[in-house]
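To keep things clear, I will list the structure first and then write my remarks on it.
The values are calculated or read from the model by the stated rules, or taken from the named source; none is laboratory data. It should be emphasised that the depicted structure is a prediction, and the values quoted were computed from it without experimental measurement. Here Cβ is always computed from backbone atoms with ideal geometry, including for glycine, and neighbour counts include all displayed protein chains.
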Amino acid sequence: MSEVVWGLGTSHVPSIGAAIDRGLDADPRWEPLFEGYRPARQWLAERTPDVAILVYNDHANGVDLDIVPTFAIGAAERYQVADEGFGRRPVPDIEGDPDLSFHLLQSLVDDGFDMTVFSELDVDHGFTVPLSVWTPEPGESWPCRVIPILVNVIRYPQPTAARCYALGKALGRAIASYDGAKTVGVLGTGGMSHQLAGARAGFVNPAFDRMFLDAIENDPEKLAALSREDYIREAGSEGIELIMWLIMRGALNERIRKVHSAYHVPASNTAAGLALFDNRPADRADQTS
């Protein structure tokens, strides 16, 4: 039996990755953002799981927009870093866990989720930036094996927040039923509020973002009840990415302990947030942040 030990929600803004790659963490424009990450990084560095599951969306770099699956899972041994038009990021490729991937796939399909399967997949900034938020200096390899779960937040109709939350719960059941006796971290990525084009280009809604950061911990059902239109109206056309945090939250226990959260505006033209949760039972959870 395997166990989800922590959950991490984080933005995947591409410029965050560029700032990390260029060593700009002490730059006055970036230092407040990275200072907010520091406590989470320190806590995570001491609690490396056997495998992580990273929920993200591709940005037409690994998956052609002609075919966009609603939900998909990677089942490869290795995932290469995509060239997004300006060269690959100088970070390691990602080692997968095909055995656990197949178990999750079968369990999710049996639970009513028809998953698309990728046996080969290049991963873009939606995947690598959250890994860098977690581990800014990975060296030759990331801290553990990582399994990608892809979500369509690009083309209408996106899955509902409620469906994402239900997928997270099914994912939690699938992890618990795996006999590999692994510890698992789950990352939900994207957001926070932002809009990249149209009449509201540059839109950010800190009030909604702060409500979301509180509710993802204490009242995820409130967030699951919001419609696509609610997310787009309150968080911008790209802010609907926040539904991917609900997959992470659904995989956790009902009661969790917040380790750290951070919020910064702007990272590029995006509100950037982070929320880290300890999912272990109270008798094993840390008593201090």
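Just checking, how many residues over segment 263-287 are more than 19 Å from residue 134 (Cα to Cα) and hydrophobic (A, V, I, L, M, F, W, C)?
The qualifying residues number 3.
Of the residues that make up segment 197-211, is at least one of a type in the set (Phe, Trp, Tyr) and in contact with an Asp or Glu (Cβ under 9 Å, 6 or more places away or on another chain)?
yes
Inspect all residues belonging to segment 189-202 and state whether any of them is within 14 Å of residue 52 (Cα to Cα), part of a helix (DSSP H, G or I) and either of a type in the set (Lys, Arg) or touching a His at 6+ places or on another chain (Cβ under 6 Å) (or both).
Within segment 189-202, none of the residues are within 14 Å of residue 52 (Cα to Cα), part of a helix (DSSP H, G or I) and either of a type in the set (Lys, Arg) or touching a His at 6+ places or on another chain (Cβ under 6 Å) (or both).
Test residue 184 against the stated conditions and say whether it is closer than 24 Å to residue 209 by Cβ and crowded, with 24+ Cβ neighbours inside 10 Å.
Against the criterion (closer than 24 Å to residue 209 by Cβ and crowded, with 24+ Cβ neighbours inside 10 Å), residue 184 does not qualify.
Look through segment 167-190, keep the residues that are more than 24 Å from residue 261 (Cα to Cα) and out of contact with any strand residue (DSSP E or B) (no Cβ under 8 Å at 6 or more places or on another chain), and return whichever of them is modelled with the lowest pLDDT.
Checked segment 167-190; the qualifying residue modelled with the lowest pLDDT is 181.
Of all the residues that make up segment 194-218, how many are under 18 Å from residue 156 (Cα atoms), of a type in the set (A, V, I, L, M, F, W, C) and exposed (fewer than 12 other Cβ atoms within 10 Å of the Cβ)?
The number of residues fulfilling the criteria is 1.
Looking for something more than 24 Å from residue 273 (Cα to Cα) and acidic (Asp, Glu) - is there at least one such residue anywhere in segment 124-139?
Scanning segment 124-139, I find no residue that is more than 24 Å from residue 273 (Cα to Cα) and acidic (Asp, Glu), so the answer is no.
Looking at segment 164-204, which of its residues are within 13 Å of residue 4 (Cα to Cα) and among the polar types (S, T, N, Q)?
177, 183
For segment 212-285, please list each of the helices (runs of 4 or more DSSP H) lying entirely inside it that holds at least 1 residues being of a type outside the set (A, V, I, L, M) and on the phi > 0 side of the Ramachandran plot.
Here the list is empty.
Would you call residue 10 surrounded by fewer than 22 Cβ atoms within 10 Å (Cβ to Cβ), within 17 Å of the chain's Cα centre (by Cα), of a type outside the set (Gly, Ala, Ser) and modelled with pLDDT of 95 or more?
When the stated conditions are applied, residue 10 does not pass them.
Show the residue pairs that are 6+ apart or on different chains and have beta-carbon atoms under 8 Å apart, the first residue being within segment 252-263 and among the hydroxyl-bearing types (Ser, Thr, Tyr), the second being assigned to a strand (DSSP E or B).
Once the first residue is among the hydroxyl-bearing types (Ser, Thr, Tyr) and sits in segment 252-263, its partners that are assigned to a strand (DSSP E or B) give 261/273; 261/274; 261/275; 261/276; 263/271; 263/272; 263/273; 263/274.
Within segment 248-289, count every residue that is polar (S, T, N, Q), modelled with pLDDT of 95 or more and within 21 Å of residue 45 (Cα to Cα).
Looking only at that region, the number is 2.
Looking at 176, 224, 181, 215, which is the one that is farther than 25 Å from residue 46 by Cα, touching an Asp or Glu at 6+ places or on another chain (Cβ under 9 Å) and among the aliphatic types (A, V, I, L, M)?
215
Results for (1) over 23 Å from residue 195 (Cβ atoms); (2) out of contact with any strand residue (DSSP E or B) (no Cβ under 6 Å at 6 or more places or on another chain); (3) buried (at least 24 other Cβ atoms within 10 Å of the Cβ), shown as yes or no for each residue.
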site	(1), (2), (3)
220	yes, yes, no
223	no, yes, no
230	no, yes, no
235	no, yes, yes
241	no, yes, yes
244	no, no, yes
256	yes, no, no
260	yes, no, no
263	no, no, no
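Here is a list of conditions, (1) free of Cβ contacts under 8 Å to residues at least 12 places away in the same chain; (2) surrounded by 15 or more Cβ atoms within 10 Å (Cβ to Cβ), and residue 273 meets all of them except one; can you say which number that is?
Of the numbered conditions (1) free of Cβ contacts under 8 Å to residues at least 12 places away in the same chain; (2) surrounded by 15 or more Cβ atoms within 10 Å (Cβ to Cβ), the odd one out for residue 273 is (1).
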